[in-house]
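As structure tokens, the structure follows; a few thoughts come after it.
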Amino acid sequence: MARKYLLIFIAIAIVALAIVGYKTLYPESRNILKEEAAHQITALSLFEHFSEEKGAQFIDQAIITTGRVTEIDQQSIFLDHKVQINLLDTPHSAIQIEDYLTIKGRCIGYDDLLEIVKIDQATITN
């Protein structure tokens, strides 16, 4: 009888460890839309922070940024020639050059070669 309980306990422990291991290896992805924005800043101010090497506080943070659309390509839009935005779900045909947009997304850093700030997982909030 004790052997039966021991086997049941071992089976439950193995299942629990498997679940914990799976959750550790494959965590749920972040949902930037549901996160509270850590910063609200204009596109030009965001660029200035990074060009002055003070932008580390924005990396991997959900931020809200505003600016004028200056370029549209197949995969992204650019605000004020300085911030590249990769949108999640808005078709680029709905956006026009010179539109003034407010965007919420995740700041992924600064590209030194192109001298632009990059934001992904973005949605238009206005």
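The values are calculated or read from the model by the stated rules, or taken from the named source; none is laboratory data. Since we're looking at a predicted model, the values are computed, not measured. Note that each Cβ is placed from the backbone with ideal geometry, even for glycine, and that neighbours are counted across all protein chains shown. Only protein heavy atoms, including side chains, enter the accessible area calculation; ligands, DNA and RNA are left aside. Shrake-Rupley method; radii C 1.70, N 1.55, O 1.52, S 1.80 Å.
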- Å² per residue, accessible surface of the chain at 1.4 Å: 67
- Note on the structure: For the chain, the longest principal axis of the Cα atoms and the Cα long axis of helix 2-25 enclose an angle in degrees, to the nearest 10, of 10
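Please find the FRET efficiency linking residue 95 to residue 26, where r is the Cβ-Cβ separation and R0 is fixed at 22 Å, and quote it to the nearest 0.05.
Values: r = 34 Å, r/R0 = 1.55.
For R0 = 22 Å, the calculated efficiency reads 0.05.
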- Distance from the stretch 1-21 to the stretch 67-98 (C-alpha centre basis), Å: 53
- Task: For 102, 24, 65, write out the residues from largest to smallest accessible area, computed with a 1.4 angstrom probe and no ligands counted.
- Result: 24, 102, 65
- Residue with peak Gaussian network fluctuation, the chain [Cα springs, cutoff 10 Å], from 77, 116, 19: 19
- Query: Over the chain, what percent of the accessible surface lies on carbon and sulfur atoms, probe 1.4 Å?
  - Reply: 57
- Among all the lysines, which ones have a C-alpha under 30 Å from residue 82's C-alpha, if same-chain residues fewer than 8 places away are not counted? 34, 54, 104, 118
- Message: Restricting to Cα pairs below 8 Å that are 6+ residues apart, what does the relative contact order work out to for the chain? Please round to a whole percent.
- Response: 23
- Query: Which percent, to the nearest 5, of DSSP beta bridges fully inside the stretch 20-126 are antiparallel?
  - Reply: 70
- Note on the structure: Ignoring ligands and nucleic acids, residue 49 exposes an accessible area, probe 1.4 Å, in Å² to the nearest 10, of 60
- In debye, nearest 20: dipole of the chain around its Cα centre with unit charges on the Cβ of K, R (+) and D, E (-)? 1140
- Query: Which residues make up the longest stretch of the chain clear of trypsin sites (Lys or Arg not before Pro) that lie in a DSSP loop with no more than 14 other Cβ atoms within 10 Å, not counting the sites?
  - Reply: 55-126
